[in-house]
1. Considering all projection directions equally, how large on average is the shadow of the alpha-carbon convex hull of region 91-159, in square nanometres?
2. Can you give the local net charge around Lys161? Use residues other than it whose beta-carbon is closer than 13 angstrom to its beta-carbon, Lys and Arg +1, Asp and Glu -1.
3. Taking the chain as a Gaussian network, where each spring joins two C-alpha atoms under 10 Å apart, which residue of Lys90, Lys205, Lys48 fluctuates the most?
4. Would you list the membrane-span-like helices of the chain, meaning whole DSSP H runs whose alpha-carbon atoms span at least 24 Å along their axis and whose mean Kyte-Doolittle value is at least 1.0?
5. Can you tell me the dipole magnitude for the chain around its Cα centre, using point charges on the Cβ only (Lys, Arg +1; Asp, Glu -1), in Debye to the nearest 20?
6. Relative to 2.2 N^0.38 Å, what does the C-alpha radius of gyration of region 88-218 come to as a ratio? Two decimals please.
7. Report in % the part of the accessible area of region 1-152 that belongs to carbon and sulfur, leaving out ligands and nucleic acids; probe 1.4 Å.
8. If you stretched the chain out fully between Phe21 and Thr170, how much longer would it get, using 0.36 nm times the residue separation minus the C-alpha to C-alpha distance?
Amino acid sequence: MLLSYLKVFFVAVYIILVSIFALIFAFIDRSFSLFIRLNRILSSGVLKITGVSLDITGLENIDKNTTYVYVSNHSSQFDIAALQYSIPQKFSMFYKKELSNIPIFGWALWAGPYISIDRENAEKARRSLEYAKLLMNEKSISVLLFAEGTRSRTGEILPFKRGAFHLAATSGHPVIPVTVSQSQNIMPKGKFQIKKGTIKINFSKPIDTSEVKNRKDQIELMEKVRNIIIKNHII
């Protein structure tokens, strides 16, 4: 347990230091290239400090010049670091609006390309999706969403929410299903403990969304992506 506390302390200090630079970069480079590159460096450092390694497959399915909606399952806080490091292109993700209030780290999230979402306010959530489309269409920044809406305690794939698939359908960008496995063993939800281990990440082939026209189509797309993730998932 003492080792976990030390890891958390060093990770916290590291995140604060890098967040200072991220905050600066977010204002001086509005293409967000520097911000996103720094976040990849941040994630690499977090993984090294904590002794977590990655086993990444399916990178050949990603065209770096194409804008995607990445849809992933979610079992651990380490999913974020793992995906920030492994996705090989500029991308944004959604975060709970409350995180914006955290000094330095939250301010950097707010200033950068990441998208604040208020789950309790449908109109504000809709505006967040519109901003995501703006990033995708005007800045060619892909977007990552955790379709379950919350972390799974056991690693089991929870039911998906429709927001990611509404975004994909209305933006016209293809979906890449992302399967994250075994991260719940690194830092289980509700436990203050960090263990060494390997997180497995699989990027499946892109799914075209040009024929996804209505709510029924979106639900069918959602089920298709969820089934792909379940098939590739390893407990």
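1. Numbers: hull surface 22.0 nm².
Computing the convex hull of the Cα atoms and averaging its projections yields 5.5 nm².
2. Details: positive: Arg119, Arg162, Arg226; negative: Glu148, Glu223.
It works out to a net charge of +1.
3. Lys48
4. Values: long enough: 2-28 (40 Å, 2.58); 33-50 (26 Å, 0.88); 122-139 (25 Å, -1.01); 215-232 (26 Å, -0.77).
The answer, listed by residue number, is 2-28.
5. Numbers: 31 positive and 18 negative charges, 83 e Å.
It works out to roughly 400 debye.
6. Numbers: Rg = 15.9 Å, N = 131, 2.2 N^0.38 = 14.0 Å.
Against the compact-globule rule of thumb, the ratio is 1.13.
7. Values: 4600 of 7420 Å².
The nonpolar share, carbon plus sulfur, comes to 62 percent.
8. Working: separation 149, 0.36 × 149 = 53.64 nm, distance 3.43 nm.
Between Phe21 and Thr170, full extension yields 50.2 nm more.
The values are calculated or read from the model by the stated rules, or taken from the named source; none is laboratory data. Note that the structure is a prediction, hence the values are computed from the model and not measured. Virtual Cβ from ideal backbone geometry, glycine too; neighbours counted across all protein chains shown. Please note that ligands, DNA and RNA were not included when accessible areas were found on the heavy atoms of the full protein model with its side chains. Shrake-Rupley method; radii C 1.70, N 1.55, O 1.52, S 1.80 Å.
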